[in-house]
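Participant: Below is a structure I'd like to ask you about.
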Amino acid sequence: MVNHKRFYLISALLIVLLGILTTSPRAVLSQSYQEAPMLVARVANGDLPPVEERLPQTPLVVEPFDEIGAYGGELRYAGTYADVTTFIAWEFLTHWKPDMSGVYANILESYEVNEDASLYTFHLREGMRWSDGVPFTADDIVFAMNDIYLNPEVRGQAPANLVVNGEPVVVTKIDDYTVTFQFAGSYGLFPEFLAWWPSWQPIFFPKHWLSQYHMSYNPENVQAIMESLNSYPELANANIQSWVDMFNIYALTSPWAFVQYTHQIDRPTLFAWVVKELDFQAGTLTLERNPYYWKVDSAGNQLPYIDTITLTNFDENNDIKLLRLLAGEFDTTKDAPQEDYSLFLDSQDTSGLRVYDVPSDSANAASIVFNMNFVDAQKAAIYANRDFRIGVSHAINRQQIMVLVYGDMGVPRQVAPLPDSPLYNQQLETQYTKFDLTLANEYLDRVLPQKDDEGYRLMPDGDRLVVNFQIGESFGLGFSQIAELIVQQLDAVGIEATIQLVESINAPSYSNQLEATIYTSEGGSGISAILDPRWFVPASEASYYATGWASWYMNPNNASAIMPPDHILAQIDLYRQVLSTPDTDERIRLMQEVLQIAADEFYVIGIASPQTRYWLINERINNLPDIWFDGWIPGMQSITSPFQWFFDEG
């Protein structure tokens, strides 16, 4: 059994105390490298330089989880264009270990941090190259930071993850392979933040490719493009009003689903596979190994092992995806349909897909969320009343939901760090979980004592309260099933509720028009509640229980921003101290205070302990870690290091 608490405390302590931290899995032992046969042919034809010239001087040496792999093969991937992004594009300056015991230098060769964790010095891998062979240097990072993310004309406000004490980071090139990040105060968790999704910021923007669209570097070309927009299919109907609009079409805001755009096919990246062909008519995407990928195994073989990935896009019809997975037409998928666990378990021999049980990084099976900043002020006041949320929690028959939705698995709990986390809070986990309609009505009567002739609760203005749960369609049947049960259960205590399926809940949340939802429950294992605190303090754009307060935290000038009351401001200030302190023990102590406030405020309602997720991976694929976590922070599928997957033909 992995002792996660011990892992997290040790890893965080090392980050602070080592000062100079070089975290490559192992040092380079040989300057003799091998490459895939398909690349040998290209070298022989003169299409590529020798492998030694394509690798950096100090490539990242990866010790395989099981054994040295064999080159070749096509990975058949079932999913969406966004899904495959998590498979190939989770390459950041640092990276989580599979057991989430800490991070290691990934794109970085090494880094140094000063005593108060306000200055980070990053050392890049000399000779490392983009997928088109152009060197990746400090100039690329400085361009991404100073000319894009910290440029008010291009991105407006600096991203919250790059701001300390109200001041954006100062990024400076020292030499071609050294860059510093200077913060206005301590930022002890910066290495961990660099390992997950927002941290594509420094590594996704090749200067040599994007500067042609940037006014500061190529004004004549930019002006020419602006004068002939109809000559560029990707711009012709994009409502371009300025050069910034045009630039962002090419730069994109993130790698998320970037592979679906034809004008991105030639975009240089640092990923193990690059886009080869995009066929919208067939609904397929073909990716091919990156000949300049900067990792090798411990025998000196350039990674990845697998030659190509073919994605079949299933945006429209998941039933067909299910049938084709069962028929053995694919090697893996993201977000396997959890409700079909038994079906896949019984069909392993015929589908060729092995079922892997993977512990979740979540804090609950799902969150029941009421937006205290909903645009309707009367409803917002009701949802902001803690007694309302307590009453609803006691009205939830968790055992019924666990039986009907989760196969009678799990135990009732609220959204809280797991018991083996150093951040565990028993009150936060266990309070108000008893199914008790008498208690539910007692609390709800304090908020909405009046009822109409049909027994439904009335708001202060005399209108019936009707709660509208907006459920994201992308989450499949699970959340809508939960919502249907909750609608029935709330009816028993005089609350009418409806369900509205929406493409995404993000759009309404940004304007405080999200009323209520069923959603995910991040922040369960280890210190993940610090890295993704969305359910415990309104400090994330995904803090859907207080979208206005969260918007204020992200940027007080946002149109949807609502300044939190003083007691919430005090909690937000505590969380900022958590992020800033370089001392591990103090960071844990401060976050425990944040979580105690979360327990007392009772922001969101949980259902049950997080479910073990199952993954589907072809039984012939080798080099998977002994343990890994399913979750957003660890990087979804990327935490298994797909670049070292290989097909065992034995």
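The values are calculated or read from the model by the stated rules, or taken from the named source; none is laboratory data. From a predicted model like this one, the values you see are computed outputs, not experimental measurements. All Cβ positions, glycine included, derive from the backbone under ideal geometry; neighbour counts span all protein chains shown. Keep in mind that these areas ignore ligands, DNA and RNA; they rest on the heavy atoms of the full protein, side chains included. Shrake-Rupley method; radii C 1.70, N 1.55, O 1.52, S 1.80 Å.
Participant: Under the rule of -39500 (n - 2.57) per DSSP H run of 4 or more residues, summed and divided by the residues of the chain, what mean residue ellipticity at 222 nm is obtained, to the nearest 500 deg cm²/dmol? Show your work: numbers first, answer last.
Facilitator: Values: 25 runs with 200 residues, N = 650.
The helix-only estimate for the chain comes to -8000 deg cm²/dmol at 222 nm.
Participant: Let's see if you can work this out: charge +1 on each Lys and Arg Cβ, -1 on each Asp and Glu Cβ, no other charges. What is the dipole magnitude of the chain about its Cα centre, in debye to the nearest 20?
Facilitator: On the way: 36 positive and 82 negative charges, 139 e Å.
In total the dipole reaches around 660 debye.
Participant: Moving on. What is the distance, in nm, between label points placed 7 Å from the Cα along the Cα-to-Cβ direction at residue 239 and at residue 442?
Facilitator: 5.3
Participant: Here's a follow-up. How far, in degrees from 0 to 90, does helix 566-580 lean away from the longest principal axis of the Cα atoms of the chain, to the nearest 10?
Facilitator: The two axes meet at around 20 degrees.
Participant: How large is the charge dipole for the range 134-192, taken about the Cα centre, if only the Cβ atoms of Lys, Arg (+1) and Asp, Glu (-1) carry charge, to the nearest 20 debye? Mind dumping the intermediate values first?
Facilitator: Working: 2 positive and 8 negative charges, 36 e Å.
With only Lys, Arg, Asp and Glu charged at Cβ, the dipole is about 180 debye.
Participant: Given 169, 102, 113, which one lies farthest toward the positive end of the charge dipole of the range 92-174, if we put +1 on the Cβ of every Lys and Arg and -1 on the Cβ of every Asp and Glu?
Facilitator: Working it through, the farthest residue towards the positive pole turns out to be 102.
Participant: I need the calculated FRET efficiency for the pair residue 41 and residue 230, taking r as the beta carbon distance and R₀ as 41 Å, to the nearest 0.05.
Facilitator: On the way: r = 41 Å, r/R0 = 1.00.
The calculated FRET efficiency here is 0.50.
Participant: Ok, one more. Which one of 425, 391, 480 is farthest out on the positive end of the charge dipole of the range 371-493, using unit charges on Cβ (Lys, Arg +1; Asp, Glu -1) and the Cα centre as origin?
Facilitator: Final value for the positive-end residue is 425.
Participant: What percent does the relative contact order of the range 550-604 come to when contacts are Cα pairs within less than 8 Å and at least six residues apart? Display every interim value, and only then the final one.
Facilitator: Numbers: 33 pairs, mean separation 11.8, N = 55.
Computed over the range 550-604, the figure is 22 percent.
Participant: Can you tell me the accessible area per residue over the chain, all protein chains present, probe 1.4 angstrom, in square angstrom? Intermediate values should be presented prior to the final figure.
Facilitator: On the way: 25170 Å² over 650 residues.
On a per-residue basis, the chain sits at 39 Å².
Participant: Next up: Calculate the FRET efficiency for residue 357 and residue 620 from the Cβ-Cβ distance with a Förster distance of 25 Å, rounded to the nearest 0.05. Walk me through the intermediate numbers first.
Facilitator: Values: r = 19 Å, r/R0 = 0.77.
Computed FRET efficiency for residue 357 and residue 620: 0.80.
Participant: For residue 137, what accessible surface area do you get with a 1.4 Å probe? Give it in Å², rounded to 10.
Facilitator: Residue 137 has an accessible surface of roughly 20 Å² with all protein chains in place.
Participant: Taking 7 Å along the Cα-to-C-beta vector as the label spot, tell me the residue 463-residue 585 distance in nanometres, rounded to one decimal.
Facilitator: 5.6
Participant: Using amide H atoms built 1.01 Å from N in the peptide plane, name the residues 5+ places from residue 257, or on other chains, whose amide H lies under 5 Å from its own.
Facilitator: 85
Participant: Once mean projected area of the Cα convex hull in nm² is worked out from the coordinates, which option in (1) 52.4; (2) 29.4; (3) 34.3 does it equal?
Facilitator: Computed from these coordinates, mean projected area of the Cα convex hull in nm² corresponds to label (2).
Participant: Also, I was wondering about something else. In square angstrom, rounded to the nearest 10, how much accessible surface does residue 84 have for a 1.4 Å probe?
Facilitator: 0
Participant: Suppose R0 equals 45 Å; then what is the FRET efficiency for residue 218 and residue 378 from their Cβ-Cβ distance, rounded to the nearest 0.05?
Facilitator: On the way: r = 54 Å, r/R0 = 1.19.
E(calc), rounded to 0.05, equals 0.25.
Participant: Accessible area of residue 263, 1.4 Å probe, to the nearest 10 Å²?
Facilitator: The accessible area comes out at roughly 40 Å².
Participant: Now for a separate question. Could you please put 231, 32, 638 in sequence from largest to smallest accessible area, using a 1.4 Å probe? Intermediate results must be reported in sequence, preceding the final value.
Facilitator: Details: 231 85, 32 65, 638 10 Å².
Result, largest first: 231, 32, 638.
Participant: Within the range 122-152, find all residues whose amide N lies under 17 Å from a label point positioned 7 Å from the Cα of residue 174 along Cα-to-beta-carbon.
Facilitator: Under 17 Å, as judged by backbone N against the label point of residue 174, lie 122-127, 137-142 of the range 122-152.
Participant: How about the range 51-157: which GluC sites (Glu not before Pro) there lie in a loop by DSSP and see at most 16 other Cβ atoms within 10 Å? Walk me through the intermediate numbers first.
Facilitator: On the way: sites: 52, 53, 67, 74, 91, 109, 112, 115, 126, 153; in loops: 67, 91, 115, 126.
The qualifying sites are 67, 115, 126.
Participant: Further question: Is there a quick way to get the dipole size of the range 235-321? I mean about its Cα centre, with the Cβ of Lys and Arg at +1 and of Asp and Glu at -1; what is the value in debye to the nearest 20? Let's see the in-between values first.
Facilitator: Values: 5 positive and 10 negative charges, 58 e Å.
Dipole about the Cα centre, nearest 20: 280 debye.
Participant: Just the number, please: carbon plus sulfur as a percent of the accessible area of the chain, 1.4 Å probe, no ligands or DNA/RNA counted. Walk me through the numbers on the way to the answer.
Facilitator: On the way: 12220 of 25170 Å².
Carbon and sulfur: 49 percent of the exposed surface of the chain.
Participant: Select from 241, 230, 272 the residue farthest towards the positive end of the dipole of the range 224-293; place +1 on Cβ of Lys and Arg, -1 on Cβ of Asp and Glu, and compute about the Cα centre.
Facilitator: 272
Participant: Separation between the residue 160 and residue 70 pseudo-spin-labels, each 7 Å from Cα along Cα→Cβ, expressed in nm?
Facilitator: Computed distance between label sites residue 160 and residue 70 equals 4.9 nm.
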